[in-house]
């Protein structure tokens, strides 16, 4: 049986845009490909309704019924957002899905989440490279005035572009196994080096019928706003896949990243014994 709702999350510059592009190659999958406000809207609804006095009063009088009404309404919003997709499986991209995976599963128990990851030094290198191409424009969180080492340090802070989603990845270790079983990590390196095999495994894990992609002839769809991110995090799609050129990372910065995020390398990029 196919999964009706698939969330896509991931680290920045780790291939989530490419992942969505490849998911949408499957004939049963509807995927817009750019970040969706759906997750944010549901979280905002939870914050609003939790402070609403009418809702709280009803919760006191008819707890089970009121809570069931709320759940039904949120489920309707979740499924109604993509109701015009016209395909049996919907993919929704938002980095916050990993942070609130248990919230999602409470609304849609059969949902699954595919998370893109990448070697952290190359994530930093990709961001820094794009910054150098657009150096006359600041970051949305004003990191342009830092030197390269300081900018790397800031990017990995727990409330910044790399550090925040990285914290969500780390938090997976605390989830029940039943929730972990709903999460599938996809390496950027695998997507770009062996896309056919990687996507075949993803399709199979999602319960989709087998489908072979052609990495030399992909459909190119509209991408999300890059100016929103000050053009520091681009989302361009290509009609072919090829491994990107490796970024040269200063040894001091690479060592800092590997030391601070040793757990990540142990999980996903263990060194050969």
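Some notes on this structure:
- The lone exception for residue 154 - which of (1) closer than 27 Å to residue 23 by Cβ; (2) part of a helix (DSSP H, G or I) it fails: (1)
- Some residue of region 4-13 being without any contact (Cβ under 8 Å) to a residue 40 or more places away in the chain, over 18 Å from residue 192 (Cα atoms) and either out of contact with any helix residue (DSSP H, G or I) (no Cβ under 8 Å at 6 or more places or on another chain) or crowded, with 24+ Cβ neighbours inside 10 Å (or both): no
- Filtered residue count, region 17-36, keeping only those that are out of contact with any helix residue (DSSP H, G or I) (no Cβ under 9 Å at 6 or more places or on another chain) and either buried (at least 22 other Cβ atoms within 10 Å of the Cβ) or closer than 18 Å to residue 108 by Cα (or both): 5
- Residue count for region 89-118, restricted to those that are closer than 15 Å to residue 46 by Cα and outside any helix (DSSP H, G or I): 1.
- Looking only at residues of region 236-249 that are closer than 22 Å to residue 138 by Cα and modelled with pLDDT of 90 or more, we find that the one that is surrounded by the most Cβ atoms within 10 Å (Cβ to Cβ) is 249.
- Among residues of region 207-225, those that are exposed (fewer than 15 other Cβ atoms within 10 Å of the Cβ) and within 19 Å of the chain's Cα centre (by Cα), counted: 3
- Test: residue in region 195-207 that is assigned to a loop (DSSP other than H, G, I, E, B), at negative phi and out of contact with any strand residue (DSSP E or B) (no Cβ under 7 Å at 6 or more places or on another chain): no
- Residue that is in contact with a strand residue (DSSP E or B) (Cβ under 9 Å, 6 or more places away or on another chain) and either part of a helix (DSSP H, G or I) or farther than 20 Å from residue 122 by Cα (or both), where the choices are 252, 216, 221: 221
- Residue 228 outside any loop (DSSP other than H, G, I, E, B), under 21 Å from the mean Cα position of the chain (by Cα) and modelled with pLDDT under 95: yes
- Counted residues, region 106-121 - those being in contact (Cβ under 8 Å) with a residue 40 or more places away in the chain, surrounded by fewer than 20 Cβ atoms within 10 Å (Cβ to Cβ) and touching a helix residue (DSSP H, G or I) at 6+ places or on another chain (Cβ under 9 Å): 2
- The one condition in (1) part of a helix (DSSP H, G or I); (2) crowded, with 16+ Cβ neighbours inside 10 Å; (3) under 19 Å from the mean Cα position of the chain (by Cα) that residue 186 fails to fulfil: (1)
- Screening residue 86 with (1) outside any strand (DSSP E or B); (2) buried (at least 21 other Cβ atoms within 10 Å of the Cβ) gives one miss only, at (2).
- Of all the criteria given as (1) over 21 Å from the mean Cα position of the chain (by Cα); (2) surrounded by fewer than 16 Cβ atoms within 10 Å (Cβ to Cβ); (3) under 19 Å from residue 25 (Cα atoms), the one not satisfied by residue 204 is (1).
- Applying the condition of being closer than 27 Å to residue 180 by Cβ and in a helix (DSSP H, G or I) to region 54-83 and asking which residue is farthest from the chain's Cα centre (by Cα) yields 67.
- Residue list for region 158-183, restricted to those being assigned to a loop (DSSP other than H, G, I, E, B) and crowded, with 17+ Cβ neighbours inside 10 Å: 160, 161, 162, 182
The values are calculated or read from the model by the stated rules, or taken from the named source; none is laboratory data. What you are looking at is a predicted structure, and each value in this text was computed from that prediction instead of being measured. Every residue, glycine among them, receives a Cβ derived from its backbone with ideal geometry; neighbour counts consider all protein chains shown.
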